[in-house]
Amino acid sequence: MKTIDDLDVAGKRVFVRADLNVPLDGGTITDDGRIRAVLPTITKLAAAGAKVIVASHLGRPKGAPDPRFSLAPIAKRLGELLKTGVAFAADTVGESARQTVAGLADGQVALLENLRFNAGETAKDDAERGAFADELAALADVYVGDGFGAVHRKHASVFDLPARLPHAAGGLIATEVAVLKKLTEQVERPYVVVLGGSKVSDKLGVIDHLLDKADRILIGGGMAFTFLKAQGHEVGASLLQEDQIPAVQDYLKRGEERGVEFVLPVDVLVSTGFPDLKTKAPSNPTTVAADAIGADQLGLDSGPRTRELYASKLADAATVFWNGPMGVFEHPDYAEGTRAIAQALLDSPAFTVVGGGDSAAAVRILGFDENAFGHISTGGGASLEYLEGKTLPGLAALED
């Protein structure tokens, strides 16, 4: 896989497929981590004299313009971070895009409107997707893939466009792949995996694959209650995927046979209702043993004994991968389980990887220094699929 160091970009139009899919509250960016992650690549290309054309998706518009998902706020923030003006095209491949790109001088940067405002970007039909890729290719001379959070998607700007232009991986993708190889091919042991988030079904593939690689798997978040139920415990009104219980029971059995230790909560914070995430009003949680959740109780975070247990299970690790929060970290009453995992990773001498998505957001929202971790991924779904051993279309497209 070539990198941007292998490219001659001076005076050329360089299309950078970034992942600027940041959370928005109205028009306000609440976490700009993904924008900051691609800055080194954009800066390097601009300094080399490229005309830099940045493109990304945002949210899930239905293949047509939707003002709720405009990249205009991202263009403003990107300009602030680059400390230079960023031209913004009001469409992706239309007149505005063509004029904006034509107006770029060497070293200048433009951002196109949301790729997913065009049905061809996500089309299942190869010809429709290819036709949109042709329109994108007409805007550029060179392609740089740096949107790691999208490389598991077979989309026009990710998979089809690199085949139409000289291409290379940006610095972010190169770093992400190097880190993931440390989790799959060059693992230092003990290797401990921490999995949280709401649904077991989102993690089935990676759990299956990790049973051959990990030494210890810590389970938290909403998915823990399906594991507890699989062990025969009642979970009250807690999140439960009943249809996944047989799969979870199989994993627990296979883990025991292979010497992989599954670690589940021993106590949880519960309430009789979901907390108000807008007002952050106190919800008066109580702590109960993991096998004593009441019928009307909803598990929302790890309890204090679980936090201590998980910290002890991380203390001797040489490699840690963490994906998914331990509770409803957005509310102060239920942030301590997630905070405890982050702190345990900071206290550990291990190579620590925070696997994107809500975990990465939690690290920033809870005030931790991102640079203190070994690596914070920009792609939760992409990281998980890589760890499952799947071929990621966007990475395959960058290989020669």
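Couple of notes before you dig in:
- Candidate values (i) 48, 24, 19; (ii) 40, 22, 19; (iii) 36, 22, 20, label of the one derived for semi-axes √(5λ) of the Cα gyration tensor in Å: (ii)
- Gyration tensor (alpha-carbon) shape descriptor, the range 234-322, a/c threshold 1.5: oblate
- Net length available on complete extension from A64 to N284 is 74.8 nm, with 0.36 nm assigned per residue and the Cα-Cα distance removed.
- Average Cα contact separation per residue, the range 75-215, under 8 Å, 6 or more apart, as relative contact order %: 15
- Cβ-Cβ distance of A295 and I245, R₀ of 25 Å, FRET efficiency by 1/(1 + (r/R0)^6): the value works out to about 0.85.
- In this structure, the amide hydrogen of H167, modeled 1.01 Å from its nitrogen in the peptide plane, lies closer than 5 angstrom to those of Y143, counting only residues at least 5 positions away or on a different chain.
- Pairs of Lys residues in the range 1-142 that lie 8 or more places apart, or on two chains, and have C-alpha atoms under 20 angstrom apart add up to 10.
- Cα shape, the range 1-140, gyration tensor, a/c 1.5 rule: oblate
- Anisotropy class of the range 189-271 from Cα gyration tensor, a/c 1.5 cut: prolate
- Computed from label points 7 Å out along Cα-Cβ, the spacing between D25 and Q99 is 3.6 nm.
- Taking Lys and Arg as +1 and Asp and Glu as -1, the other residues whose beta-carbon sits under 9 Å from that of A37 total 0.
- The chain - mean residue ellipticity at 222 nm from DSSP helices (-39,500 (n - 2.57) per run, n ≥ 4, rounded to 500): -10000 deg cm²/dmol
- Exposure proxy for F321, F329, F132, F368: other Cβ atoms within 10 Å of each Cβ, ordered fewest to most, give F368, F132, F329, F321.
- Fully extending the segment from E185 to A131 would add 15.7 nm, taking 0.36 nm per residue of separation and subtracting the current Cα-Cα distance.
- Qualifying trypsin sites (Lys or Arg not before Pro) in the range 119-222, where qualification requires a DSSP coil assignment and no more than 11 other C-beta atoms within 10 Å, comprise K124.
- Summary value for the range 132-216: 27 percent relative contact order, contacts being C-alpha pairs under 8 angstrom separated by 6+ residues.
- Given R0 = 41 Å, the distance between the Cβ atoms of D369 and E261 translates into a calculated FRET efficiency of 0.85.
- Centroid-to-centroid separation of the range 322-355 and the range 359-400 [C-alpha atoms, Å]: 16
- Net charge of Cβ neighbours under 13 Å - reference H375; Lys, Arg +1; Asp, Glu -1: 0
- For Q343 and K83, a Förster radius of 25 Å and the Cβ-Cβ distance give a FRET efficiency of 0.15, rounded to the nearest 0.05.
We did not get these values from a lab; they are worked out from the coordinates using the rules stated. The structure displayed is predicted, hence computed values, not measured ones. Reconstructed Cβ throughout: ideal geometry from the backbone, glycine too, with neighbour counts over all protein chains shown.
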